[in-house]
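Trainee: I am attaching a structure below and will ask some questions about it afterwards.
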Amino acid sequence: MAKKLLSGNEAIALGAYESDCSVATGYPGTPSTEILENISKRYGDKIYCEWSPNEKVAFEAAVGASTTGARALTTMKLVGLNVAADPLMTLSYTGVAGGFIAVVADDPGMNSSQDEQDTRLFAHFAKVPVLEPADSQEAKEFVKVGFEISEQFGTPVILRTTTTVSHSRGVVEEGTALELNRPHSFKKDPQRFVPIPAFARGMRVRLEDRVERLSKAASVSSLNRVEWNENGDRKVGIVTSSATYQYVKEVFPEANVLKLGWCYPFPDDLLLEFAKTVRTVVVIEELEDFVEQHMKALGIATIGKRLGNENLVPKYGPLDVDVLLEVRKKLSANPATSKAFSAPVAETKRELPALPTLPNRPPVLCPGCPHRGLFYALGKFDVVVAGDIGCYSLGVAPPLNCMDTILCMGGGITVAHGIDVAKNDRPVVGVMGDSTFFHSGMTGLMDIVYNKGKATIVVLDNRITAMTGHQDNPGTGKTIMGEETFAASISDIAKAMGMKNVVTVNPRKLDETSAALKTAIESDEAWLIVAKEPCPLAYRKKADHEVFVDQEKCKKCGACLKLGCPAIERDENKVVTINESLCASCDLCKQVCKFGALSSRDANSSQGGLV
């Protein structure tokens, strides 16, 4: 078999292909985005793929495919499962026909997420199995096993990855793709698929029976394995899972390890048997004390998040070798555990090359980003700004300082409406992106229209789902497969919903944008402003001019710096220059300067950058 170096996300895509998956859906969200992208690019001739408007829609479409007997997979990040929670909870009752896997990527450390929730708790809540691969090879294999578990027990399965597993690369051995060759045909069975109360009560009983059977299966599954110490020492037993397993093996080489790949339903028989064979049981898991608390409920004396009155394994942030070395030091120093951990682990000397000290580099809107013009104009008004999830979240940072709240996808509109109806003493403006509008903004806009709200809403339409890497959405006119399709119009949708005041502006034209904002904010009616201008990184085009500073006219006032554009630089003498390699020639700085110190020249007159 051929071997490849793949990320966890690439390996999951390969697993879907080798498992004869027929339908793959999802909504982009780091760290899960590359899964569906790789399925569509590499295996799109065999697997139907789509970016859905949101995770709930993606989940439900995959469920529909499963009812025909087809194998279906849906992808999302951790907070996306919140959106899909409604169908998840009911699907655990009805069960599935064809194999169904929801791949959910958690983000310990919040590298690109607004919270750090643990999907294992959702699996427990919904009473569905959760599998946790520890590397790329397991990520591929667990897809196949997940489909088998799903079909054997008639249950949805959650495949939980983390940022580390999703984005780390490892050697993966390719397998032979299955060809199940079974017909996809929906079979009428209301008592199985229609959870009205009369039928759902029976489903509830069967669900509990299924959980019990799954627990027994997990206890004997090869996904859960015990790795015994070679010298027969049974002083220490560590229970762990996911990428944390890799760090445990490095920091606790003498320990006996129970590696959980199928952590829920809990493999009770295996947990109890393992605990009987070791003197000290330690649970090392990222985020919540999920396994630890259950083991304690089984009556197992377990060390985990705390050791006596002292915090031990952190309950937040990602675990790594350095964190676990600190855990080991605490175990060695504590009288209750010092004998079990008396032998110090040999710390690996990391020979790193000498690197220069780099300046702090906070995230900023890209040069030429159309959102910058909108936020600069909006900053001139005394308003409350309800934000949303996207590139434009960076509007909170100096010097724009133009974001007061962020809650969740769609919250830019609904939170703004709530502030408005509470009769806040200042006007409110809700802000969200085009993809977010299609995701969950339309219902909020309908709420404003229906309940006669007065908030001003701005949709930052940069023609792409930019934050997650430029994925298409219903407004771009293309599917994930690159096929031409209907391009949804935000303004037309708003008007169809009953929004009377709808205007489209170019946010790179500050006077036009400011005038529209002023009219809307001072109005006693709701307004929708569509700030429409393509993302310069997604739609690259050669600029026809370059911007430069006329030093004789420059007063060093710093007004242009208030745009927060990375291409505008100032030295220790307050001399402002334009970095041509970064400048996107958006001309916002020319509009801001009152002294005409910023001018243009033909792009062919010198070497300029590309927009």
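The values are calculated or read from the model by the stated rules, or taken from the named source; none is laboratory data. The model shown is predicted, which means the values in this text are computed figures rather than measured ones. A quick note on method: Cβ atoms are made from the backbone with ideal geometry, for glycine too, and the neighbour counts reach across all protein chains shown.
Trainee: Would you point out which residue out of N224, N181 is of a type in the set (S, T, N, Q) and within 25 Å of T75 (Cβ to Cβ)? Can you show your working first?
Mentor: Working: N181 fails: within 25 Å of T75 (Cβ to Cβ).
Selected residue: N224, the only one of N224, N181 that is of a type in the set (S, T, N, Q) and within 25 Å of T75 (Cβ to Cβ).
Trainee: In addition: Pick from the stretch 14-49 the residues that are out of contact with any Lys or Arg (no Cβ under 8 Å at 6 or more places or on another chain) and over 21 Å from T161 (Cβ atoms): which of them is surrounded by the fewest Cβ atoms within 10 Å (Cβ to Cβ)?
Mentor: By that ranking, first place goes to D45.
Trainee: Ok, one more. Give D382, D388 a once-over and let me know the one that is part of a loop (DSSP other than H, G, I, E, B) and buried (at least 17 other Cβ atoms within 10 Å of the Cβ). Let's see the steps before the verdict.
Mentor: Details: D382 fails: buried (at least 17 other Cβ atoms within 10 Å of the Cβ).
When all the criteria are applied, what remains is D388.
Trainee: Kindly list, by first and then second residue, each pair from a residue in the stretch 510-530 that is within 23 Å of C586 (Cα to Cα) to a residue that is among the basic types (K, R) and assigned to a loop (DSSP other than H, G, I, E, B), limited to pairs with Cβ atoms under 7 Å and residues at least 6 apart or on different chains.
Mentor: From the stretch 510-530, the pairs are S514/K380.
Trainee: Quickly run through the stretch 123-141 and pick out the residues that are of a type in the set (A, V, I, L, M, F, W, C) and either surrounded by fewer than 24 Cβ atoms within 10 Å (Cβ to Cβ) or touching a Cys at 6+ places or on another chain (Cβ under 9 Å) (or both).
Mentor: A123, F125, A126, V130, L131, listed by residue number.
Trainee: To continue, here is another question. Which of the residues belonging to the stretch 50-78 are of a type in the set (A, V, I, L, M) and either part of a loop (DSSP other than H, G, I, E, B) or surrounded by 23 or more Cβ atoms within 10 Å (Cβ to Cβ) (or both)? Can you show your working first?
Mentor: Going through the stretch 50-78, the residues of a type in the set (A, V, I, L, M) turn out to be 57-58, 61-63, 65, 70, 72-73, 76, 78.
Correct list: A58, A62, V63, A65, A70, A72, L73, M76, L78.
Trainee: Follow-up. For the subset of the stretch 458-501 comprising residues that are under 25 Å from the mean Cα position of the chain (by Cα) and outside any loop (DSSP other than H, G, I, E, B), which member is surrounded by the fewest Cβ atoms within 10 Å (Cβ to Cβ)?
Mentor: Going through the qualifying residues, I end up with K478.
Trainee: Let me ask something additional. Here are some residues: I300, I284. Which one is modelled with pLDDT of 95 or more and over 17 Å from R160 (Cβ atoms)? I'd like the intermediate steps shown before the answer.
Mentor: Values: I284 fails: over 17 Å from R160 (Cβ atoms).
Every option except I300 fails the conditions.
Trainee: While we're looking at this one, here's another question. Given the conditions (1) out of contact with any strand residue (DSSP E or B) (no Cβ under 9 Å at 6 or more places or on another chain); (2) closer than 27 Å to Y392 by Cβ; (3) crowded, with 20+ Cβ neighbours inside 10 Å; (4) of a type outside the set (A, V, I, L, M, F, W, C), which single one is not true for N111?
Mentor: So the condition that N111 fails would be (3).
Trainee: If you don't mind, there's one more thing I want to ask. Could you please let me know if I413 is farther than 24 Å from L537 by Cα, more than 22 Å from the chain's Cα centre (by Cα) and in a helix (DSSP H, G or I)? Before you say what the answer is, go through the steps one by one.
Mentor: Numbers: farther than 24 Å from L537 by Cα: yes; more than 22 Å from the chain's Cα centre (by Cα): no; in a helix (DSSP H, G or I): yes.
So I413 does not fit the description; no.
Trainee: Are there any pairs, at least 6 apart or on different chains, whose C-beta atoms fall under 8 Å, with the first in the stretch 294-316 and under 21 Å from P335 (Cβ atoms) and of a type in the set (D, E) and the second at pLDDT below 95 and not in a strand (DSSP E or B), and if so, which?
Mentor: Listed by first residue and then by second, the contacts come to E310/K330; E310/N334.
Trainee: Follow-up. Would you check which residues across the stretch 200-247 are in contact with a Leu (Cβ under 7 Å, 6 or more places away or on another chain), crowded, with 18+ Cβ neighbours inside 10 Å, under 19 Å from Q137 (Cα atoms) and among the hydrophobic types (A, V, I, L, M, F, W, C) and list them?
Mentor: Selection gives L223 alone.
Trainee: Looking at this structure, is D420 touching a residue at least 12 places away in the same chain (Cβ under 8 Å) and in a loop (DSSP other than H, G, I, E, B)? Quick ask: steps written out before the conclusion?
Mentor: On the way: touching a residue at least 12 places away in the same chain (Cβ under 8 Å): yes; in a loop (DSSP other than H, G, I, E, B): no.
Here the answer is no, as D420 does not meet what is asked.
Trainee: Looking only at the stretch 98-130, how many residues end up being farther than 17 Å from R71 by Cα and either touching a Phe, Trp or Tyr at 6+ places or on another chain (Cβ under 7 Å) or not aliphatic (A, V, I, L, M) (or both)?
Mentor: Selection size over the stretch 98-130: 21.
Trainee: Further question on the same structure: Pick from T25, T30: which is outside any loop (DSSP other than H, G, I, E, B) and either among the small types (G, A, S) or touching a residue at least 24 places away in the same chain (Cβ under 8 Å) (or both)? Steps first, answer last, please.
Mentor: Details: T30 fails: outside any loop (DSSP other than H, G, I, E, B).
Exactly one of T25, T30 is outside any loop (DSSP other than H, G, I, E, B) and either among the small types (G, A, S) or touching a residue at least 24 places away in the same chain (Cβ under 8 Å) (or both), namely T25.
Trainee: Those residues that are more than 15 Å from the chain's Cα centre (by Cα) and of a type in the set (K, R), I need them from the stretch 8-63; list them, please.
Mentor: The answer is K41, R42, K46.
Trainee: Among what's in the stretch 399-446 and is acidic (D, E) and farther than 27 Å from K77 by Cα, pick the residue that is surrounded by the most Cβ atoms within 10 Å (Cβ to Cβ).
Mentor: In the first step, residues of the stretch 399-446 are kept if they are acidic (D, E); the result is 404, 420, 425, 434.
Subsequent filtering for residues that are farther than 27 Å from K77 by Cα retains 420, 425.
Numbers: D420: 22, D425: 5.
Only one residue fits best here, namely D420.
Trainee: Would you tally the residues in the stretch 391-410 being assigned to a loop (DSSP other than H, G, I, E, B), aliphatic (A, V, I, L, M) and either in the same structural domain as P28 (by TED's automatic domain parsing) or free of Cβ contacts under 8 Å to residues at least 60 places away in the same chain (or both)?
Mentor: To start, the set of residues in the stretch 391-410 that are assigned to a loop (DSSP other than H, G, I, E, B) comprises 397-404, 406-410.
Okay, now just the ones that are also aliphatic (A, V, I, L, M), so 397, 400, 403, 406-407, 409.
Next, only the ones that are either in the same structural domain as P28 (by TED's automatic domain parsing) or free of Cβ contacts under 8 Å to residues at least 60 places away in the same chain (or both) stay: 403, 407.
Selection size over the stretch 391-410: 2.
Here's the yes/no breakdown for (1) among the β-branched types (V, I, T); (2) touching a Pro at 6+ places or on another chain (Cβ under 7 Å); (3) not assigned by TED's automatic domain parsing to the domain that holds Q591:
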position	(1), (2), (3)
G475	no, no, yes
E483	no, no, yes
K500	no, no, yes
K509	no, no, yes
V549	yes, no, no
P566	no, yes, no
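Trainee: Here is a follow-up. Those residues that are of a type in the set (D, E, K, R) and under 17 Å from A13 (Cβ atoms), I need them from the stretch 140-167; list them, please.
Mentor: Going residue by residue through the stretch 140-167, those that are of a type in the set (D, E, K, R) are 140-141, 144, 148, 151, 160.
Scanning the stretch 140-167 gives K140, E141, K144, R160.
Trainee: Still on this structure, I have one more. Report whether or not T513 is surrounded by 15 or more Cβ atoms within 10 Å (Cβ to Cβ), at pLDDT 95 or above and in contact with a Pro (Cβ under 7 Å, 6 or more places away or on another chain). Even if it seems obvious, please write down each step before you answer.
Mentor: Values: surrounded by 15 or more Cβ atoms within 10 Å (Cβ to Cβ): yes; at pLDDT 95 or above: yes; in contact with a Pro (Cβ under 7 Å, 6 or more places away or on another chain): yes.
When the stated conditions are applied, T513 passes them.
Trainee: Kindly indicate the residue of the stretch 508-529 that is assigned to a helix (DSSP H, G or I) and among the polar types (S, T, N, Q) and also farthest from S435 (Cα to Cα) among those meeting that condition. Outline the logic, then answer.
Mentor: Taking the stretch 508-529 first, the residues assigned to a helix (DSSP H, G or I) are 510-522.
Now narrow it down to the ones that are among the polar types (S, T, N, Q): 513-514, 519.
Working: T513: 21, S514: 24, T519: 26 Å.
Here the answer is T519.
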